[in-house]
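*Asks:* Below is the structure I would like to discuss, written out as C-alpha coordinates.
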Amino acid sequence: MMAERRKRVDAAQRQRLSGFLRDLPIALDDETAAQAWSATTQLAERHRLTLYDAAYLELAQRRDLPLASLDEELRAAAEVAGVALVELAR
(Lines give C-alpha, C1' and ligand atoms only; values in the text may rest on other atoms or scores of the structure.)
Protein backbone atom coordinates (compact mmCIF):
# COMPACT_ATOMS: atom_id res chain seq x y z
CA MET A 1 0.00 0.00 0.00
CA MET A 2 2.85 2.40 0.77
CA ALA A 3 4.36 1.83 -2.67
CA GLU A 4 1.01 2.70 -4.23
CA ARG A 5 0.59 5.79 -2.05
CA ARG A 6 4.08 6.91 -2.99
CA LYS A 7 3.25 6.38 -6.68
CA ARG A 8 5.86 3.62 -7.12
CA VAL A 9 3.21 1.18 -8.37
CA ASP A 10 -0.40 1.53 -9.46
CA ALA A 11 -3.36 -0.44 -8.08
CA ALA A 12 -3.13 -3.13 -10.77
CA GLN A 13 0.58 -3.69 -10.11
CA ARG A 14 -0.05 -3.85 -6.36
CA GLN A 15 -2.77 -6.47 -6.86
CA ARG A 16 -0.51 -8.60 -9.07
CA LEU A 17 2.30 -8.33 -6.56
CA SER A 18 -0.06 -9.24 -3.72
CA GLY A 19 -1.05 -12.40 -5.58
CA PHE A 20 2.60 -13.26 -6.21
CA LEU A 21 3.49 -12.77 -2.54
CA ARG A 22 0.45 -14.75 -1.37
CA ASP A 23 1.62 -17.73 -3.43
CA LEU A 24 5.16 -17.77 -2.02
CA PRO A 25 5.97 -20.59 0.44
CA ILE A 26 6.37 -18.24 3.42
CA ALA A 27 6.81 -19.64 6.92
CA LEU A 28 6.87 -17.77 10.21
CA ASP A 29 10.04 -18.02 12.26
CA ASP A 30 9.18 -18.57 15.91
CA GLU A 31 12.71 -17.77 17.08
CA THR A 32 12.65 -14.18 15.77
CA ALA A 33 10.65 -12.87 18.73
CA ALA A 34 12.94 -14.65 21.19
CA GLN A 35 15.95 -12.90 19.61
CA ALA A 36 14.38 -9.42 19.64
CA TRP A 37 15.89 -8.26 22.95
CA SER A 38 19.24 -9.94 22.56
CA ALA A 39 20.88 -10.68 19.20
CA THR A 40 18.62 -8.35 17.22
CA THR A 41 19.18 -5.42 19.55
CA GLN A 42 22.93 -6.04 19.50
CA LEU A 43 22.94 -6.04 15.68
CA ALA A 44 20.91 -2.82 15.62
CA GLU A 45 23.36 -1.12 17.97
CA ARG A 46 26.49 -2.48 16.27
CA HIS A 47 25.41 -1.53 12.75
CA ARG A 48 23.21 1.48 13.58
CA LEU A 49 20.12 -0.19 12.10
CA THR A 50 16.47 0.03 13.00
CA LEU A 51 15.23 -2.98 14.96
CA TYR A 52 13.10 -3.79 11.94
CA ASP A 53 16.16 -4.04 9.66
CA ALA A 54 18.23 -5.75 12.35
CA ALA A 55 15.53 -8.45 12.58
CA TYR A 56 16.02 -9.22 8.88
CA LEU A 57 19.77 -9.39 9.40
CA GLU A 58 19.45 -11.59 12.49
CA LEU A 59 17.18 -14.02 10.69
CA ALA A 60 19.46 -14.25 7.64
CA GLN A 61 22.49 -14.72 9.87
CA ARG A 62 20.88 -17.35 12.12
CA ARG A 63 19.30 -19.35 9.29
CA ASP A 64 22.33 -18.93 6.99
CA LEU A 65 20.18 -17.35 4.28
CA PRO A 66 21.05 -14.66 1.74
CA LEU A 67 19.51 -11.27 2.34
CA ALA A 68 17.58 -9.37 -0.34
CA SER A 69 17.33 -5.63 0.25
CA LEU A 70 17.86 -2.37 -1.60
CA ASP A 71 18.59 -0.59 1.70
CA GLU A 72 22.26 0.42 1.53
CA GLU A 73 22.79 0.48 5.32
CA LEU A 74 21.31 -2.99 5.71
CA ARG A 75 23.36 -4.32 2.79
CA ALA A 76 26.54 -2.84 4.30
CA ALA A 77 25.75 -4.40 7.69
CA ALA A 78 25.12 -7.76 6.03
CA GLU A 79 28.49 -7.63 4.31
CA VAL A 80 30.26 -6.84 7.59
CA ALA A 81 28.31 -9.65 9.33
CA GLY A 82 29.27 -12.11 6.60
CA VAL A 83 25.71 -12.56 5.32
CA ALA A 84 25.40 -13.24 1.59
CA LEU A 85 23.45 -10.70 -0.43
CA VAL A 86 21.03 -11.30 -3.27
CA GLU A 87 21.97 -9.16 -6.25
CA LEU A 88 18.93 -7.10 -7.21
CA ALA A 89 18.28 -5.18 -10.39
CA ARG A 90 17.68 -1.51 -9.80
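The values are calculated or read from the model by the stated rules, or taken from the named source; none is laboratory data. From a predicted model like this one, the values you see are computed outputs, not experimental measurements. Because the Cβ atoms are built from the backbone with ideal geometry, glycine has one as well, and the counts that use them run over all protein chains shown.
*Asks:* Cβ contacts < 8 Å: first residue under 23 Å from Leu59 (Cα atoms), restricted to the stretch 1-29; second residue of a type outside the set (Val, Ile, Thr), any location; separation 6+ or different chain. Result?
*Replies:* Listed by first residue and then by second, the contacts come to Asp29/Leu59; Asp29/Arg63.
*Asks:* Find the residue count for the stretch 65-90, including only residues that are of a type outside the set (A, V, I, L, M), assigned to a loop (DSSP other than H, G, I, E, B) and either at positive phi or surrounded by fewer than 13 Cβ atoms within 10 Å (Cβ to Cβ) (or both). Step through it out loud before you land on a result.
*Replies:* Pass one, the stretch 65-90, residues of a type outside the set (A, V, I, L, M): 66, 69, 71-73, 75, 79, 82, 87, 90.
Right, trim to assigned to a loop (DSSP other than H, G, I, E, B) and you get 66, 69, 71, 82, 87, 90.
Restricting the remaining residues to those that are either at positive phi or surrounded by fewer than 13 Cβ atoms within 10 Å (Cβ to Cβ) (or both) gives 66, 82, 87, 90.
Going through the stretch 65-90 one residue at a time, the tally reaches 4.
*Asks:* Okay, moving on. Among the residues of the stretch 18-27, is any hydroxyl-bearing (Ser, Thr, Tyr), under 13 Å from the mean Cα position of the chain (by Cα), in a helix (DSSP H, G or I) and at pLDDT below 95?
*Replies:* No, the stretch 18-27 contains no residue that is hydroxyl-bearing (Ser, Thr, Tyr), under 13 Å from the mean Cα position of the chain (by Cα), in a helix (DSSP H, G or I) and at pLDDT below 95.
*Asks:* Can you tell me how many residues within the stretch 45-64 are part of a loop (DSSP other than H, G, I, E, B) and touching a residue at least 12 places away in the same chain (Cβ under 8 Å)?
*Replies:* Residues in the stretch 45-64 being part of a loop (DSSP other than H, G, I, E, B) and touching a residue at least 12 places away in the same chain (Cβ under 8 Å): 2 in total.
*Asks:* If you scan the stretch 46-64, which residues turn out to be charged (D, E, K, R) and either more than 18 Å from Asp30 (Cβ to Cβ) or surrounded by fewer than 21 Cβ atoms within 10 Å (Cβ to Cβ) (or both)?
*Replies:* Arg46, Arg48, Asp53, Arg62, Arg63, Asp64
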